[in-house]
Structure formats: structure tokens, C-alpha cells
Amino acid sequence: MNISINNTVLDLQVANALIAKGETLNAIKYIREEAQIGLKEAKDIADNLVNDPGFYSGQSEIEIQHPRFDFEAENTKISKPKRRKNGHIIQGGQSKTIL
């Protein structure tokens with residue numbers, strides 16, 4: 001059975017065969033690489049197949065959204081302390097030693 005994930009066709013029979021052999025991590029890796037999706041999304045798909053190998057029967061397409069946090073929209077400014085080679089952090093004009 002093939003399914004389209006974000007316009008990429010994925011053969012779920014391969015994933016189901018890996019899961020049946022007890023190679024769930026390889027199934028996650030296969031799903032992630034073939035569908036070009038994140039680890040969490042691939043694991044969710046594999047978990048659904050572990051619980052029910054026919055979970056996606058009747059479906060032809062899955063759309064996976066990647067939520068993004070827009071720092072500018074939230075007026076959030078992120079600043080990292082300046083680091084030096086000698087193990088000190090310069091912050092607000094004061095030096096702090098890192099142990």
C-alpha cells in the first residue's frame with residue numbers, strides 16, 4: 001500500500017515488513033528518509049503502524065505541518081553571551097569564569 005506524505009509517495013509495506021521483523025527503529029528511519037519529514041512525525045507514523053498495520057488503509061494522502069515559532073512576531077529578542085577562548089563569559093561588561 002502506498003501513501004503520499006507531503007507529495008512524496010511512501011510504500012507502507014516496507015515499513016510494515018520492518019516492524020513485523022521487530023525493526024521499528026529501521027522503519028522510523030525509512031519513513032523519515034523517504035518522506036523527508038522530522039523524527040517525531042516519522043515515529044508517530046511508525047507507532048500507528050505498530051498498533052495497527054492497516055491504520056492508513058483507505059487514506060491516500062497525509063499532510064504533515066511543521067509548526068514554526070516566529071520570534072519577530074512575538075517581539076522576542078534572543079541574545080547569547082559572548083564567549084572567549086580562555087573560558088570566560090563577557091556579560092554586561094563583567095567577566096565570569098566557566099568551570
On full extension of the chain, what length is gained from residue 6 through residue 34, given 0.36 nm per residue of separation minus the C-alpha to C-alpha distance? 9.0 nm
So, for segment 1-63, what is the accessible surface per residue at a probe of 1.4 Å, expressed in square angstrom? 60
Please report the net charge: other residues with Cβ closer than 11 Å to the Cβ of residue 38, K and R +1, D and E -1. +1
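The values are calculated or read from the model by the stated rules, or taken from the named source; none is laboratory data. A quick note: this is a predicted structure, and the numbers were derived from the prediction, not measured. Cβ sites come from the backbone with ideal geometry, for glycine too, and all protein chains shown count toward neighbours. Side chains included, ligands, DNA and RNA excluded: accessible areas come from the protein's heavy atoms. Shrake-Rupley method; radii C 1.70, N 1.55, O 1.52, S 1.80 Å.
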